[in-house]
1. Take region 43-60 and flag every residue that is farther than 24 Å from Thr102 by Cβ and touching an Asp or Glu at 6+ places or on another chain (Cβ under 9 Å).
2. Of the residues Lys8, Lys40, Lys4, which single one is surrounded by fewer than 17 Cβ atoms within 10 Å (Cβ to Cβ), among the charged types (D, E, K, R) and within 17 Å of Ala63 (Cα to Cα)?
3. So which of Gly91, Gly67 ends up being of a type in the set (Gly, Ala, Ser) and modelled with pLDDT under 90?
4. Give Leu60, Leu51 a once-over and let me know the one that is among the hydrophobic types (A, V, I, L, M, F, W, C), touching a Cys at 6+ places or on another chain (Cβ under 8 Å) and surrounded by 15 or more Cβ atoms within 10 Å (Cβ to Cβ).
5. Only one of (1) of a type in the set (D, E, K, R); (2) out of contact with any Phe, Trp or Tyr (no Cβ under 6 Å at 6 or more places or on another chain); (3) at pLDDT below 95; (4) within 26 Å of Val38 (Cα to Cα) fails for Lys129. Which number is that?
6. Report yes if some residue within region 86-95 is surrounded by fewer than 16 Cβ atoms within 10 Å (Cβ to Cβ) and within 30 Å of Lys119 (Cβ to Cβ); otherwise report no.
7. Can you pull out the residues in region 13-56 that are assigned to a helix (DSSP H, G or I) and in contact with a Lys or Arg (Cβ under 6 Å, 6 or more places away or on another chain)?
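The values are calculated or read from the model by the stated rules, or taken from the named source; none is laboratory data. Please read all numbers here as calculations on a predicted model, not as lab measurements. Here the Cβ positions follow ideal geometry from the backbone for every residue, glycine too, while neighbour counts run over all protein chains shown.
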Amino acid sequence: MAEKLGAKTITNTWQEIGFPTDHPLHVGMTGFFVRDEVRKVHRQADVVLSLDWFDLGGTLKDAWDGGIVEAKVISCSMDFHQHRGWNKDYGGLPPVDIHIPTVPEAFISDLLPILASIKPKINYVIKSKPRADLPKDGQLRSMSLPARIEMRRKVSKYAS
């Protein structure tokens, strides 16, 4: 969907997200605080499509410094059921223009056939990083401390 629309994507550090972080349309990851390129992309957006984003209200508030969110916000989430209390245990209400009360998988499954006729303007190429070697028999075992240190060194080399 992002490729068909040429939409920039952002992922967060709390959830398992279904978008490759090495894709050219991936801008970056964010946590509780929206900074740098992620903030810039939020502010340049005409539309923000949130697919079950954790604390969407807090993210948008931070991206726009507590001011008015100028982009149209479409939220596909069931989180609104949690936002019923005065104490904001589950985050503040996000400023949503269109609310789609379902899970992202159902929404995207229905949306993809509608987008099928759109041809992407760019043929995106993902330059994947090498994967860590797994044991040949597929069994993962406890690692000794030297083996953990070595694995961390290998992973760090590709993460930077």
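1. Arg43
2. Lys40
3. Gly91
4. The match here is Leu51.
5. With respect to (1) of a type in the set (D, E, K, R); (2) out of contact with any Phe, Trp or Tyr (no Cβ under 6 Å at 6 or more places or on another chain); (3) at pLDDT below 95; (4) within 26 Å of Val38 (Cα to Cα), Lys129 is out only on (2).
6. Scanning region 86-95, I find no residue that is surrounded by fewer than 16 Cβ atoms within 10 Å (Cβ to Cβ) and within 30 Å of Lys119 (Cβ to Cβ), so the answer is no.
7. Correct list: Val41 only.
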